[in-house]
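Worksheet for the structure shown next.
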Amino acid sequence: MANVKQLLKKSLDELEEAELKEFQWCLINDHGCVSKAEMENADRLKTVDEMVSCFGPERAVKITVDTLRKIKQNHLAEELENTQKQGAAVENFRASPVDYTNTSNELKEKLKEDYEKILLGNSQRGSKKKLDDIYTDLYVVENKTGGRENDHEVMQIESRHNQQDKVLKCNDMFKVQPDTGQRNRRVLTLGIAGVGKTVSVNKFILDWAEGKDNQEIVFIFPLPFRRLNLIKEKEYSLIGLLNKYFFSSGGLSSLPEEQGKVMFIFDGLDEYRFQLNFKEDDEFTDVDQKMPVSKIVTNLLKRQMLRSSLIWITSRPAAASLIPRVYIDQVTEVRGFNDEQKEQYFIKNSSAEVAGNIISHIRKSRSLYIMCHIPVFCWISLTVLQPLLGQECSEKTPTTFTGMYINFLLSQKQQMKKKYSNDSDPDAKAWSFADIVLKLGELAFQQLEEGNLIFYKEELQKCGLDVMEGSLFSGLCTLMFQEENLISGEQVYSFVQHSIQEFLAALYVFYTYKIKKRNPFLDSWKKDLTWKLSEKPLFRLHKAAVEKTLQSKNGHLDLFLRFLLGLSLESNQSDLNKLLPELKLKTENIKDTTDYIKKKIEEEKSAERTINLFHCLNELKDDFVEDLQKSLSSGNLTSQDLSSAQWSGLVFVLLMSEETQEKFELQKYRRSDVALMRLMPVVRNTRRAL
């Protein structure tokens, strides 16, 4: 590249000052990536540097030839073009083999320092432990669906937690596969929030940096999407981007072109705020050419830039369709803990007696047991249940999602009270726990509606929070909210787990209804006034929430709805009052709500949405599901004609049955092809159908 720059400088040296200005003017007007600001007072050297940076060496020569002709410097253009045709320019690209050993070792040392330890709790106040000491292999499988999902993530766990698939090891995903004899170059790994995607990525990077595995790779560059969000509209070349984040001295000038020597890891596709456009025809092949970061990602995936590179992308399932399947060689999925691993988690993190009580309790609620496939939910369950089940089961031990999360927030309140009782910091004492919960609840609700899992200072400010308060909350509420400081110095915020965001959002909506007498789902003051004057405001709030949830294309409000309904239950009011003392205990009739949900079950054609509505009835402790279970046990249910709601209930009961997970006797229920179609979710979820 240095010789190309010398070649271009030689041509520009022949120009008079006025001719150079005209040359620069043409560049500005003909090529968008050359800015007027960059060219202002630019001498010949800076002009050459800018051209090579914008266009890359080859195109810079061609554009220089074209621009010289445009300003009537034909002899200079011809001389430069002839030099290129004679092969002199090509020779400039031929360099002796580059030794990347020192640069690779420099990168390994940096990554070792960055990934050697992992934070437990949130990123501000959590304790650091060595990743190798706490890491447990997760259940990772090949995903043959291509990753397109339209259900809430909890529904995906419930429908797939026992499927038998080919189990994979993350460290082997980019090696030659024994069954195909080929190597995957572009892998998309899916997994719901909190299931362990980022930890798996970190372990892969650390093993490489410590020389334990995948040593045929020369460079691994982790580029999380939440970091790339902060670049916004600024343009970088690939080399410039890598130097920015990994080589402060700018020591990287080229990349190996041999197959599989360079790897890029893009973690958190679902967190990216900018569009990835795969339909554009523009091809960027030069690693020195400036472009928007989104184009770097798409051109790497389309194998137009650095064709030999390996690419690993992680994402929540709902965002998988952002990348066309044609640009992915393999889709894998992190499923979290299997049954044995989650039970080992409780044994490892408590006494054998307490672990036995916790496991026994969770097994009574199929939904809670299935959710424990998520490592973070195991942690939530342990936090709540360990003090309650120290000796034996108690009547106050929560059996629903809502009860579990109310108790989780109560444990956070106790932790905050204990931690800051003797704290002299006036900022810490200025906020009550209720105030913090409601502020975070407003943020949670607004961002849940927009589908955001991570937030920047702009989102905090919309909720009336400043950056200082965001930092304070992450320190006070280490179990709920976290702040991460990126290399750029900017902060990014998130809830410790997505379900915590959904619960806080539901709590905020319920509080707004109770105290402020407002329905957050209504978008005009007229509708709000009509709602306030109605005889059944709670039912109308529930009705609006159910309708909005059923309209969601990917079910992102399903768990939020369960929480909102559960908060209305009388049995939860006492604990809720401990969380938010301002709430006055008042029993309200929820029969209209349960009747409406049963009506929607009759009307709803989607099996997945119907199943979530049954979960809602469970949160409200309605008898409908229990009556179905009794009929199923007595054998009466198989011999009678079922209504649409009963069919849906039967599917729900069978899906939640541990016995059905192992074996499903289809012939007991099949009376027609219609019956078979209704039972397909159960057939798909069983190990053996008879």
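Where a number appears in this text, it was derived from the coordinates with a stated rule and is not lab data. All of these numbers come straight from a predicted model, not from anything done at the bench. Neighbour counts run over all protein chains shown; Cβ positions are idealised from the backbone, glycine included.
Miscellaneous remarks
- Between Glu142 and Asp623, the contour length at 0.36 nm per residue exceeds the Cα-Cα span by 169.2 nm.
- Two-site label geometry, Leu45 and Asn82: point separation in nm, points 7 Å out along Cα→Cβ: 3.0
- Once both labels are positioned 7 Å from their Cα atoms along Cα-to-Cβ, the gap between Ser552 and Glu353 label points is 4.2 nm.
- Length added when fully stretched, Ser308-Ser360, from 0.36 nm per residue minus Cα-Cα: 13.6 nm
- In terms of distances greater than 27 angstrom between alpha carbons, the cross-link table entries Lys364/Lys598; Lys514/Lys621; Lys413/Lys584; Lys417/Lys439 yield no pairs at all.
- Net lengthening on full extension, Lys457/Glu258 (0.36 nm per residue, minus Cα-Cα): 67.5 nm
- Above-threshold pairs, the threshold being 31 Å between Cα atoms, out of Lys197/Lys348; Lys197/Lys553; Lys175/Lys553: Lys175/Lys553
- FRET efficiency for Gln215 and Glu535, using Cβ-Cβ distance with R0 set to 56 Å, rounded to 0.05: 0.20
- The local environment of Ser35, defined by Cβ-Cβ distances under 15 Å, has a net charge of -3 under the rule Lys, Arg +1 and Asp, Glu -1.
- Sites Glu588 and Lys516 - FRET efficiency at Förster radius 22 Å, r taken between beta-carbons, to 0.05: 0.85
- Each label point was placed 7 Å from the Cα along the Cα-to-Cβ direction; for Lys578 and Lys279 their separation is 5.5 nm.
- Evaluated over segment 233-311, the count of Lys pairs having alpha-carbon atoms less than 15 Å apart is 6 (only pairs 8 or more residues apart or interchain).
- Counted charge near Glu16, where neighbours are those whose Cβ lies closer than 13 Å (Asp, Glu -1; Lys, Arg +1): -2
- Given R0 = 56 Å, the distance between the Cβ atoms of Val98 and Ser432 translates into a calculated FRET efficiency of 0.40.
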